[in-house]
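Below: one structure, written as structure tokens.
The values are calculated or read from the model by the stated rules, or taken from the named source; none is laboratory data. Just so we're clear, the structure is a prediction, and the values are computed from it rather than from any experiment. Cβ atoms come from the backbone with ideal geometry, glycine included; neighbour counts cover every protein chain shown.
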Amino acid sequence: MQTQTLSYTPQWHARLLDYMKEVYPHRDIRYLDWWITNIDQSDEECWEKCVIILDNEQIIGCTTVNDARILIDSEEKRFFSRGNTIVSPNQRGKGISKKIYNRVNLYDNWFSVGVTDIAWKIQPKYVKRFTPIRPVNVYISVNWSICMQLLRKIFGFQPVTCQYPEHLSVSRYEKLQKVSDINQIAFPSQGKWMKDHAEFIRDKVFFLKRYYDVYSPERYAIYQYLLRGKSIGYVVVRTTTYKGLEMLSLVDYRFFSRQDEDKAFKAAAKIAKSNNKGLVITLSSREYTFRLLPLTIKMKKKLNCVIGTPEYKDSFNNMLITSADSDLDFVYYK
């Protein structure tokens, strides 16, 4: 078999999209198109890290990356989020993966979240600086609305349309305020919310790209968490379906104090309960203990994470990773 290994350029957009649609027929084409469009809007450094494998002018494999901005000890560094690494089913076992990973070995400022179990076994054989880091955990929070929700499902009633109130009271001094304009958010310097050694940047540029310029911005609701009228953090939620049950997804959260991170679960539970939804799913790299209010359980399922820079392993192991930091929000659940 005579194959070609090429770097991506925007001229490949339509053909790569068609290939991804063929391999992933159940994924939303809008997500795939949005992912590739973000690559198009980047630069040659990004494009050369996106690899296309051809056989007789037909795409039989690929890997792609998108930009990620990370602060390491308060210094911004450019990393690339690897995703959509594909080998056509009828080409597996023919060395295509090795060709792809040989190109990955040409750079090391990458990370990947949610690596499949199969890829987790294959990649260490070919990726020289393959460095596992703390996985992303899956948390499920439950409130009393689950009883009514299950009854509605049993009797075939349609799910309740989610409404996001402008204000919600969490406690006497704690309130949630819905963000209607991004300029309402007082972003911290450098987009650095916490005191971690490594942190994904959360600034206006990130919010615009991730929640406003996405193909379905209406499904996200952003809330500031107010303590005595002062913002101490934010949460981002949306409705989703997981294992046939409609629930709320806590997509992302940040608080100035690490001790306040449990407030994200309280906030999401409050929003879910206001919509008669009894379940909240949260993907987070943090190791949280069992909690009662809201009742939150860590599932056995973990999502594999890896980086290409072993010298940063300790920093990444303590880094907060959520659904917003990869394609998990788009492919892990609907």
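Quick notes on this one:
- As a summary of the residue check, VAL214 satisfies the conditions (1) part of a helix (DSSP H, G or I); (2) within 20 Å of ILE321 (Cβ to Cβ) except for the one numbered (1).
- Test: residue in region 63-77 that is over 23 Å from ASP329 (Cα atoms) and surrounded by 16 or more Cβ atoms within 10 Å (Cβ to Cβ): yes
- Near pairs, Cβ below 6 angstrom, 6+ apart or cross-chain, from region 4-29 (at positive phi) to any residue that is surrounded by 15 or more Cβ atoms within 10 Å (Cβ to Cβ) and modelled with pLDDT of 95 or more: none
- Residue within region 262-274 that is touching a helix residue (DSSP H, G or I) at 6+ places or on another chain (Cβ under 7 Å), over 25 Å from LYS301 (Cα atoms), of a type in the set (S, T, N, Q) and not in a strand (DSSP E or B) present: no
- Considering the conditions (1) over 19 Å from LYS209 (Cα atoms); (2) surrounded by 17 or more Cβ atoms within 10 Å (Cβ to Cβ), LYS94 is excluded by exactly one of them, (2).
- In region 80-114, the residues that are of a type in the set (D, E, K, R) and free of Cβ contacts under 8 Å to residues at least 60 places away in the same chain: ARG82, ARG92, LYS98
- Tally, over region 107-126, of residues that are farther than 25 Å from LEU71 by Cβ, modelled with pLDDT of 95 or more and of a type in the set (A, V, I, L, M, F, W, C): 1
- Selected residue [charged (D, E, K, R), within 19 Å of ASN137 (Cα to Cα) and modelled with pLDDT of 95 or more] from LYS263, LYS243, LYS301: LYS263
- Conditions (1) touching a residue at least 40 places away in the same chain (Cβ under 8 Å); (2) surrounded by 16 or more Cβ atoms within 10 Å (Cβ to Cβ): number failed by ASP314: (2)
- For region 180-217, a residue qualifies if it is under 20 Å from LYS230 (Cα atoms), of a type in the set (A, V, I, L, M) and crowded, with 17+ Cβ neighbours inside 10 Å, and exactly one does: MET194.
- Taking (1) part of a strand (DSSP E or B); (2) within 25 Å of GLN163 (Cβ to Cβ); (3) touching a residue at least 60 places away in the same chain (Cβ under 8 Å) in turn, SER231 satisfies each apart from (3).
- Residue check for MET1: modelled with pLDDT under 95 and hydrophobic (A, V, I, L, M, F, W, C): yes
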